[in-house]
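Encoded as structure tokens, the structure appears first; notes follow it.
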Amino acid sequence: MSTASSTQFHATGPATDALAEGAPQWTAEGGDWDEIAAEIAARDEQDRLEHDRIVVNMGPVHPSTHGVLRLVLETDGEKVTEVRVGTGYLHTGIEKNMEYRTWTQGETFVTRMDYVAPFFQEVGYALAVEKLLGITDDVPEKATVVRVILMELNRIASHVIAIGTGGNELGGTTLMTIAFRCRENILRAFEMVSGLRMNHAYVRPGGLAQDVPAEFSEFVRSVMPDIKNDIKELGELLLENPLLKSRFIGVGEITLAAGMALGLTGPCIKAAGYPLDLRKTRPYCGYETYDFDVPVYDRSDCYNRLRVRFDECYQSLKIVSQALDRLDEITARGDDPSNSHMVADPTIAWPAQMAIATDGQGQSLEHVREIMGTSMESLIHHFKLVTQGFRVPAGQVYQTVEHAKGVMGVHAVSDGGTRPYRVHFRDPSYSNLQSLAMMGEGGMIADLVPSLASIDPVLGGVDR
């Protein structure tokens, strides 16, 4: 068709009756039909780009976390419009497995949940079983003090790994090496008492698997200055670093009201200004008798969550120092009942004194000689208690402890047998992860990584 520039023409669908059904109709004035068609196509493409969503799969990988996590992101360019957290990739089945093991054997499962901070699960579970047994007040003072020392050392180890691995995600490899150097001294202390660097199963219902070595207190005191110096060095490298502050301040922020609504606990909620700490609000293991503070700040962003962890490390060192003084005092009492690592009830107490040997752990030779060559009754008792376990009165309890990541709850149910009917955990990493969507949406993809690192989830506890 050849027309003058003022000539009008119509391009319609193939049939006139199609117009009645709402088929598209274009009116063009002048120009070439190819140019008109290209303009229409460009407008359609622009409309598609404006309304289509882009879904990005982050994982299942290991982004700033201790375990396998998947994030499904909807993005608008570099901006995150929606975050969905996908868990369940470890398939541990810990809670179900515990139903087929004795109450004591359950410790070997719970210590593998948050494997960066295992002593919190061990103590929380032991306290719950002791409540069911009605022996909470019978646990010797020495066992309780040692539990406090181990938990506070573990709090420091967990926090420095969170700080170091979070820094590593931003390119600071040195931060992670300092963090692991700091944790190494703590793991040496753990190995001294349990024979293992992790997965200890050292805390048992009624007390501890074995007494701490005579040199334990002296060793911990000797490494505390090194631990404190490593924490200080991390702080000097990070807290006033302009690059880190530009990447952390105002990033991944969540309000106090939103955090409370989502069940956020630990450093994440303390950074928002709420001093939620069960060691103060619902004391256990005698925490009400220790002198320490709960650090808080004015808003929960990546930077303040980092500062809370630094402050908690120093407070934990303060608690450990007090607990070591008590441990030395108790040890000096000699044969006093408080200077014991296990309850006196022989129907609950583990029948043998464990002895660390070249293989890491082992039965004491004195006990083996007794049950194998002297006392048939001791042999029978050992066999029944180890293989069958002790009976726990029917009932249910809920025990909470202040985990390094926040509030950890243990719901234990007994039907009166030698195995748990049900044990369920409120793991802080699992509860805290649901806040990541609110922290990340509206921000940049690059900011999602430090936000996730600042929550510090350990997937062994999430996928239990």
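A few comments on the model shown:
- Mean shadow area of segment 192-241, taken as a quarter of the surface of its Cα convex hull (nm²): 5.1
- For residue 402, solvent-accessible area (1.4 Å; no DNA, RNA or ligand), Å²: 0
- Accessible surface of residue 239, taken over heavy atoms with a 1.4 Å probe and every protein chain present, rounds to 40 Å².
- Nonlocal amide H pairs with residue 250, under 5 Å, H built at 1.01 Å: 302, 303
- Whole-percent carbon and sulfur share, accessible surface of the chain, 1.4 Å: 52
- Altogether, the Stokes-Einstein calculation at 10 °C and 1.306 mPa s, with the Kirkwood radius of segment 81-171 over Cα pairs as Rh, returns a diffusion coefficient of 102 µm²/s.
- Using a probe of 1.4 Å on the protein chains alone, the accessible area found for residue 385 is around 20 Å².
- For segment 276-286, putting each phi into the Karplus relation 6.51 cos²θ - 1.76 cosθ + 1.60 with θ = phi - 60° gives couplings of 7, 8, 5, 5, 9, 7, 9, x, 9, 6, x Hz, in residue order, rounded to whole numbers and with x for Gly and Pro.
- Reduced Cα scattering model of the chain, Debye log10 I(q)/I(0), q = 0.06 Å⁻¹: -0.36
- Cα convex hull volume per residue for segment 380-464 (Å³): 118
- The protection proxy used here, the mean number of other Cβ atoms lying within 10 Å of each residue, ranks peptides 83-94, 103-114 as follows, highest first: 103-114, 83-94.
- Sequence ranges 261-269, 313-321, ranked by mean other-Cβ count within 10 angstrom, highest first: 261-269, 313-321
- Summarising the overall dimensions of segment 196-277 from its C-alpha atoms, the Rg and Dmax are 19.4, 50 angstrom.
- Contour excess over end-to-end distance, with Cα ends at residue 383 and residue 41 and 0.36 nm allotted per residue: 115.0 nm
The values are calculated or read from the model by the stated rules, or taken from the named source; none is laboratory data. Quantities reported herein were computed from a predicted structural model and do not represent experimental measurements. Ideal geometry is used to build each Cβ from the backbone, glycine not excepted, and the neighbour counts take in all protein chains shown. For the accessible areas, the whole protein counts, side chains as well, though only heavy atoms, and no ligand, DNA or RNA atoms are used. Shrake-Rupley method; radii C 1.70, N 1.55, O 1.52, S 1.80 Å.
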